[in-house]
Amino acid sequence: MELDYAELDLASGNAAAALERSGAILQALPPDGLPEIQRATKFVRAFALEAAGDLDDAILALDELTSEPP
């Protein structure tokens, strides 16, 4: 549910809220648990970084995602 809210925050232009929610989700997830949720949350976080103007960190986040197996 929180991931849905993070996506809505991002879609509505509230990058700061999307970053906050996605960070909280990633901290709450177990390191090796729920890989689909973890991957989707990392994508939201990367796009929120881009929307916030933090292009370097957004590129690094996307690069990390593309280097992981699907």
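The values are calculated or read from the model by the stated rules, or taken from the named source; none is laboratory data. Keep in mind that what you see is a predicted model, and the values were worked out from it rather than measured. Quick reminder, even Gly has a Cβ in these numbers, built from the backbone with ideal geometry, and neighbours come from all protein chains shown. Calculation scope for accessible area: heavy atoms of the full protein, side chains included, ligands and nucleic acids excluded. Shrake-Rupley method; radii C 1.70, N 1.55, O 1.52, S 1.80 Å.
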With criteria (1) modelled with pLDDT of 95 or more; (2) open to solvent by less than 60 Å² (accessible area, probe 1.4 Å), residue 38 comes up short on (1)
Those residues of region 51-70 which are touching a residue at least 12 places away in the same chain (Cβ under 8 Å) and either part of a helix (DSSP H, G or I) or in contact with a helix residue (DSSP H, G or I) (Cβ under 6 Å, 6 or more places away or on another chain) (or both) amount to 51, 52, 58, 61, 62, 64, 65
Filtering region 3-17 down to residues that are more than 16 Å from residue 65 (Cβ to Cβ) and either outside any helix (DSSP H, G or I) or open to solvent by less than 40 Å² (accessible area, probe 1.4 Å) (or both) yields 9, 12, 13, 14, 15, 17
*Answer yes or no as to whether residue 21 is touching a residue at least 24 places away in the same chain (Cβ under 8 Å), open to solvent by 30 Å² or more (accessible area, probe 1.4 Å) and of a type in the set (D, E, K, R).*
no
